[in-house]
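The values are calculated or read from the model by the stated rules, or taken from the named source; none is laboratory data. Quick caveat: nothing in here was measured; it's all calculated off a predicted structure. Cβ placement follows ideal geometry from the backbone for every residue including glycine, while neighbour counts extend to all protein chains displayed. Note: accessible area is taken over every heavy atom of the protein model, side chains too, but ligands, DNA and RNA are not part of it. Shrake-Rupley method; radii C 1.70, N 1.55, O 1.52, S 1.80 Å.
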Amino acid sequence: MRFVAVALIAFAALGCSPAEARLRVSGARFLNPDGTTFQWRGISAFRLVEFVANGKEKDADAYLRWAASKKLNVVRVFAMADGIFQLSPEEGLKALPRLLEMAKRHGVYVEVVAFTGTSVIKVDRAAFVKAIGAICARH
């Protein structure tokens, strides 16, 4: 199965105002709001949006709690998928805001991979990215 993955970086705020919590890019580095280098300690957690979409919010929350306890600060999730698990673009958009709220509570940033399974799942790519961007901008 062929997967096309395009990462859309979207970070949940870490307990402060959005302006204070935003990372910024400088060359090839992410910088914290205070200008220091952000130490990326991430893990792939592809199914977290799917967990929320399918009523397994407690499992998603437990994973985020575990990640934070291990000093991980980024989880990478899929916004849609086919094959390894099923998550329609519509389900992904509906569940993403809740996952971002949960991640914020645990002090974890979220990297959203917008596209996977595009050889099977038909999606208006521009509209999907715009919708994900809008959701992430609110969080």
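The requirement of being part of a loop (DSSP other than H, G, I, E, B), touching a residue at least 12 places away in the same chain (Cβ under 8 Å) and not small (G, A, S) is not satisfied by V113. Note on segment 16-31: among residues that are part of a loop (DSSP other than H, G, I, E, B) and at pLDDT 85 or above, the one that is nearest to G83 (Cα to Cα) is A28.
Among the residues of segment 118-131, is any closer than 13 Å to L48 by Cα and either at pLDDT 90 or above or in contact with a strand residue (DSSP E or B) (Cβ under 9 Å, 6 or more places away or on another chain) (or both)? So far as segment 118-131 goes, no, none of its residues is closer than 13 Å to L48 by Cα and either at pLDDT 90 or above or in contact with a strand residue (DSSP E or B) (Cβ under 9 Å, 6 or more places away or on another chain) (or both). Taking segment 83-109 as the range and being within 16 Å of V123 (Cβ to Cβ), open to solvent by 10 Å² or more (accessible area, probe 1.4 Å) and touching a residue at least 40 places away in the same chain (Cβ under 8 Å) as the test, the residues that pass are G83, E91, L93, K94.
Okay, residues lined up against (1) within 12 Å of the chain's Cα centre (by Cα); (2) at pLDDT below 95; (3) part of a loop (DSSP other than H, G, I, E, B):
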{"site": "F3", "(1), (2), (3)": "no, yes, yes"}
{"site": "A7", "(1), (2), (3)": "yes, yes, no"}
{"site": "L14", "(1), (2), (3)": "no, yes, yes"}
{"site": "G35", "(1), (2), (3)": "no, yes, yes"}
{"site": "W40", "(1), (2), (3)": "no, yes, yes"}
{"site": "D59", "(1), (2), (3)": "no, no, no"}
{"site": "A62", "(1), (2), (3)": "no, no, no"}
{"site": "A67", "(1), (2), (3)": "no, no, no"}
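Screening segment 44-66 for residues that are over 19 Å from E90 (Cα atoms) and in contact with a strand residue (DSSP E or B) (Cβ under 6 Å, 6 or more places away or on another chain) and picking the one that is surrounded by the fewest Cβ atoms within 10 Å (Cβ to Cβ) gives S44.
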